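Asks: This is the structure I have questions about; it appears just below.
The values are calculated or read from the model by the stated rules, or taken from the named source; none is laboratory data. All values derive from a computational prediction rather than experimental measurement. All Cβ positions, even for glycine, are placed from backbone atoms using ideal geometry, and neighbour counts span all protein chains on display.
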Amino acid sequence: MSTSIRVSEETKEKLNRLKQDDESFDELLERLADDEEPIVIGSWDSDTAERARDAITRSRDSFER
């Protein structure tokens, strides 16, 4: 049995970026909806984002030496 769902072009592009090369959209959605390994969706708080920026800057600086 098959069903269709409508998504915006923007959502489809996001799903395309998440989908693995050998994975169907059905497999992708099943993986994303899997209760056994929940996916944390959202953005970082400002403190976490700032620490990540600092780590990236330090990493880039170390390669410029």
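Asks: Which of the residues belonging to region 17-45 are of a type in the set (S, T, N, Q) and at pLDDT below 85? Give the steps one after another, and end with the answer.
Replies: Residues of region 17-45 of a type in the set (S, T, N, Q): 20, 24, 43.
Across region 17-45, the qualifying residue is only SER43.
Asks: I need a count of the residues in region 15-33 that are surrounded by 12 or more Cβ atoms within 10 Å (Cβ to Cβ) and among the charged types (D, E, K, R).
Replies: Count: 4.
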